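Worksheet: one structure, shown below.
Throughout, read-outs are computed from the coordinates displayed, never taken from laboratory work. Not measured: the values here are computed from a predicted model. As a convention, Cβ positions derive from the backbone with ideal geometry for all residues, glycine included, and neighbour counts pool all protein chains shown.
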Amino acid sequence: MTKISLLRLKNQMFFFNFIANLVGILVVFLLSFKSIAPPTPGIVQLTLQAARFFEPLSLAVLIGATLFYERPIRQYLECVYHQQRLPKDLEIQARQRLLNEPFFLIAVDFLLWLGAAVFYPMFYWSLETGEMIMGRAFFQALLIGMITTTAAFFVLEYVLQRMMVSHFFPQGGLYMTPKTFRIRIRTRLAALIFACNLIPFFAVIIILRGTYRTQLDPVQLLDMLRPTLLANALFGIGVGVALTILVSSNLTKPLKEIIRVLKGVRDGYLDNKVQVTSNDEIGYTGDVINEMTEGLQERDRMRHSLDLAREVQQNLLPKTAPNIKGLDIAGISIYCERTGGDYYDYLQVNGYGQQKIGVVVGDVSGHGIPSALLMTTARALIRKSTTLSDSISAVVSDVNRQLWLDVRESGRFMTLFYSVIDGQNKSIRWVRAGHDPAIFYDPATDTFEDLKGSGIALGVDHKWQYVENEKSDLNQGQIIALGTDGIWEARNARDEMLGKNRIQDIIRQNAMETADDILAAVIKTLNHFTKNRKSEDDATLVIVKIAENS
């Protein structure tokens, strides 16, 4: 900002208001000289004598009132120009004064011309010029006041939007400024109707009133009225066209700005902002759109972060099934959101050998980012504890104590089924920590069994000691399914639950297939069952099939 631009900003509201007053005076005097009985040279001379007193006084009042009202506005501009710290109360007051200034200035204008409507008739009365001259002075002053305030309303609004607002509201938010009058769309239209219809109508009334005491022949009177009414009509048309252009510009430019930003949003560009310049409904719409684009940007950043988190979490899950002699294994986790709290892992540590593997399935309460973070913590604790002890009950008890320290204030917990399957000795040992029992199927007898066991969820009681369970004499073809409740508690569009019976039927029907095929059949049934309903929980399933030792 230069000194010239600072000076212009400080004084342009007063300047354009002064021009509006000059336009009102010029229009009325032109119409008066086109009237049936134009003022005589004597009346013109008397008017000039009165104006030498009233006009300087009116100008002084106008300047003084404007400077007094604009003091916070000018202080604000000085702070910006000198790059000084801007007090918050000054910023708020300056913005309030700026938005209310058009209303203040037109009120001052109207009061001044109302004063003129009293002063000039009194002046003529003191000189005994006659009732007709006094009446003309009264109505002319009122007409000037109407024209001035109407012109000032539209011009000052234009100046406010195009020249001032950007310096005080660089980020928009005009509509949110308290204690301000709002130049609503209906207010503009009402002012436009007043300017294009009522003011010319009032002028015609004044013209007709001037014919009341004339002694002219009707034909001669009509001949004299014709140019007067024509001039008044042309004035009304000209004002109507000019103000319509001005109002349409004040409405269409912000609408074009809004459309530009919305087209950018449609095409994926979220950085564009609506330049808000008014505190009406259109300005409020612009502020809402800016808030919307900021929200979309935040959501876009969040989605990108969630995609990264999902990528990280997916990398923590097993990428391939382990190659263990005597075992056929397949597993999968499906998250209802980008990230989730379900967890499964294959643990191969030094003491397990080539035909022994730990298979772990867990389910953190809830889903989404918080559950994913807790799942990651639990995974690290399980892997660390597994390397320190061969006892799975000791491992789970240690993980429970460590996890309790993290979740005791949050109320979160994690269920877990930790198993160690020996493909050579054909046995399984497990600890169940509040998790659903694993499903055991023996195709030779066509029987299902739940691998149960006592134990509460991890993170609930740090003193809990978990007990190990064991099942031996496993045979070739037997199947163990470890899953989370997101599988069998999935619901369809009719709010029906998939249930464990359907899972068992699928396992039975595909018992002769590989673990991958059985897993694929379960997932296919799950997807078909829930196809018209969004999943509400994460789903994890691991299939272990006892195979030949080869």
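Quick notes
- Proxy reagent accessibility, fewest Cβ within 10 Å first, across F169, F448, F103: F103, F448, F169
- If R0 is 51 Å, the Cβ-Cβ spacing of F15 and R303 corresponds to a FRET efficiency of close to 0.50.
- Placing dummy labels 7 Å off each Cα toward the beta-carbon, the span from R186 to F29 is 4.0 nm.
- Rounded tilt (10° steps) of 515-529 against the dominant C-alpha axis of the chain: 40 degrees
- Lysines with Cα under 25 Å of K263, excluding same-chain neighbours fewer than 8 positions away: K253, K273
- Reachable lysines from K531, criterion Cα separation under 24 angstrom, eight or more residues apart if same chain: K500
- Cβ-based exposure ranking for S365, S419, in which fewest neighbours within 10 Å come first: S365, S419
- FRET efficiency for D446 and E311, using Cβ-Cβ distance with R0 set to 51 Å, rounded to 0.05: 0.75
- Summary value for the chain: 11 percent relative contact order, contacts being C-alpha pairs under 8 angstrom separated by 6+ residues.
- For the stretch 125-158 versus the stretch 517-550, the gap between their alpha-carbon centres in whole angstrom: 88 Å
- Relative to the longest principal axis of the Cα atoms of the chain, the long axis of helix 499-509 lies at roughly 50 degrees.
- On Cα atoms only, tilt of 131-159 relative to the major axis of the chain in degrees: 30 degrees
- Two-site FRET efficiency, L234 against S166, from Cβ-Cβ distance with R₀ of 41 Å, rounded to 0.05: 0.65
- Multiplying the residue separation of S391 and K463 by 0.36 nm and subtracting their alpha-carbon distance yields 24.2 nm.
- Volume per residue for the chain equals 232 cubic angstrom (convex hull of Cα atoms).
- Look at E101, E257 and count the other Cβ atoms within 10 Å of each Cβ; fewest to most, that gives E257, E101.
- Ranked by the mean number of other Cβ atoms within 10 Å of their residues, highest first, the peptides 434-445, 138-149, 175-186 fall in the order 138-149, 434-445, 175-186.
- Only Cα pairs under 8 Å and 6+ residues apart enter the sum, and on that basis the relative contact order of the stretch 321-546 stands at 25 percent.
- Mean separation of Cα contacts under 8 Å (6+ apart) over length of the stretch 3-282, as relative contact order %: 26 percent
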